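Take a look at the structure set out below.
Read the figures in this text as sums done on the coordinates, not as results from a lab. What you are looking at is a predicted structure, and each value in this text was computed from that prediction instead of being measured. Every residue, glycine among them, receives a Cβ derived from its backbone with ideal geometry; neighbour counts consider all protein chains shown.
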Ligand code: KG4
Ligand code: ZN
């Protein structure tokens, strides 16, 4: 029981997440989401998110402590997402973490949101090998990251040059009138559709530079144009086929580039995280292509892929275990914090 007991707070977007871990063991994962409040706007409204975090923060911390059955006095540290994310939303979590750390006399650890999306897999599949290769796909990012050390050295190999993968799912869902967030609904419709019904473009997949970057804005526009043309001609829109064909275009490019990044860098495993990692077709195609390439795939369960506090606690625990320096109480919330 000398593994570090850490509480983690996540407020970078619309989920107020508080998790508690002991080393690689998940003890509590409490999440309060304001997603329903944003649905009518078709996207996350920063001011609404900040206010919701403020209201949910203390009750969610209390719920997590109760779930874990531990006393705040026994914590070895308090970790918090310092960025990147929505400035006002981050500020609520960072302020709360500082207040608890100061009041309890515990060390504070500011962590990077992207690194914590990777580290969370330790709660599911045990210690991550080093270096770790990760494909992070969410509403805010689509990145390929090579991490020689998850606590201190995470290198971006490539990223989206326009829309994030999740953003593309959300925008296409809006075009199809399926509501927000779009990912889970498109995933569901796509199961009934034909992924080869419509040949949508695969951005930046010519195999030339930038090899590891992504582009989804052209795809989104192509889907919108295709759907508009059908409507203009008074024809029905085959929602399941559009969803399946769009989804296939996204996951084809994601998995192809991720496998290539592993090969090029001599890494024999791939971690996939972020909200889009919950996508069933992404999981299936990644499994198939990784198996073909002799790469071991690690994908945490969907509940750990979307934003949560456990991932922050997991990275905080890793920092404590490795004796990394704690943050000072003037830790800033940095909306564009680089990895
Ligand atoms: O990681 P996350 O919870 O929050 C961000 O940091 O963005 O990811 C949310 C994103 C949304 O764009 C949502 O549409 C997408 O993940 N998403 C999915 C699925 N579930 C959530 N995208 C595709 N398929 C899914 N099953
Ligand atoms: Zn995220």
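First measure r as the distance between the Cβ atoms of residue 71 and residue 263, then evaluate 1/(1 + (r/R0)^6) with R0 = 51 Å and state the FRET efficiency to the nearest 0.05. Mind dumping the intermediate values first?
Numbers: r = 48 Å, r/R0 = 0.94.
Calculated value: 0.60.
Tell me the mean residue ellipticity at 222 nm calculated for the chain from its helices only (DSSP H runs of n ≥ 4, each -39500 (n - 2.57), averaged over every residue, nearest 500).
That comes out to -14000 deg cm²/dmol.
Annotation for residue 321 and residue 334: the two label points, set 7 Å from Cα along the Cα-Cβ direction, are 2.5 nm apart.
Listing 160, 11 from fewest to most neighbouring C-beta atoms within 10 Å gives 160, 11.
Taken over the range 1-73, the convex hull of the Cα atoms encloses 86 Å³ per residue. Taking Cα atoms only, the orientation of helix 217-232 departs from the longest principal axis of the chain by about 50 degrees.
Taking the fewest neighbouring Cβ atoms within 10 Å as the starting point, the ordered list for 98, 220 is 98, 220. A P(r) calculated from all alpha carbon pairs of the range 93-210, with 5 Å bins opening at zero, reads 2, 9, 13, 15, 15, 16, 14, 8, 4, 3, 1, 0 percent. Against the chain, whose longest principal axis is taken from its Cα atoms, helix 46-68 shows a tilt of about 60°.
Once the C-beta distance of residue 102 and residue 208 is scaled by a Förster radius of 56 Å, the resulting FRET efficiency is 0.60 to the nearest 0.05.
Shown for 119, 290: other C-beta atoms within 10 Å of each C-beta, ranked fewest to most, produce the order 290, 119. Using all C-alpha to C-alpha distances in the range 78-124, build P(r) with 5 Å bins and read off the rounded percent in each one. The distribution over the range 78-124 is 5, 22, 26, 21, 17, 9, 1, given as percents.
Output the relative contact order of the chain, whole-number percent, from Cα pairs under 8 angstrom with separation of 6+ residues.
Values: 780 pairs, mean separation 89.3, N = 339.
With pairs under 8 Å counted, the relative contact order is 26 percent.
Just to be sure I understand the curve: with the Debye formula and one point per C-alpha of the chain, what is log10 I(q)/I(0) at q = 0.12, 0.14 Å⁻¹? Taking Cα atoms of the chain as identical point scatterers yields -0.81, -1.07. Of the peptides 298-310, 186-198, 142-154, the order by per-residue mean of other Cβ atoms within 10 Å, starting with the highest, comes out as 298-310, 142-154, 186-198.
Take each of the peptides 243-249, 75-81, average the number of other beta-carbon atoms within 10 Å over its residues, and list them starting from the highest. Let's see the in-between values first.
Details: 243-249: 25.0, 75-81: 26.7.
Ranking the peptides 243-249, 75-81 by packing returns 75-81, 243-249.
Relative to the longest principal axis of the Cα atoms of the chain, the long axis of helix 280-293 lies at roughly 90 degrees.
Expressed as a whole percent, the proportion of Cα-Cα pairs in the range 152-279 lying more than 27 Å apart is 21%.
Once you have a ≥ b ≥ c as the square roots of the Cα gyration tensor eigenvalues for the range 193-339, tell me rounded if a/c is under 1.5, and otherwise prolate or oblate according to whether a/b is larger than b/c.
Note, shape of the range 193-339 comes out prolate.
Here the range 171-242 has an Rg and Dmax of 13.5, 41 Å, counting Cα atoms alone.
Can you give the convex hull volume per residue for the Cα atoms of the range 166-210, as a whole number of Å³?
Details: hull volume 4.3 nm³, N = 45.
Each residue corresponds to 96 Å³ of Cα convex hull volume.
Compared with the alpha-carbon gap, the fully stretched path from residue 232 to residue 296 is longer by 18.4 nm at 0.36 nm per residue.
Compared with the direct C-alpha span, the chain from residue 149 to residue 280 gains 44.3 nm at full extension, assuming 0.36 nm per residue. Model label points for residue 39 and residue 194, set 7 angstrom from Cα along the Cα-to-Cβ axis, are 3.3 nm apart.
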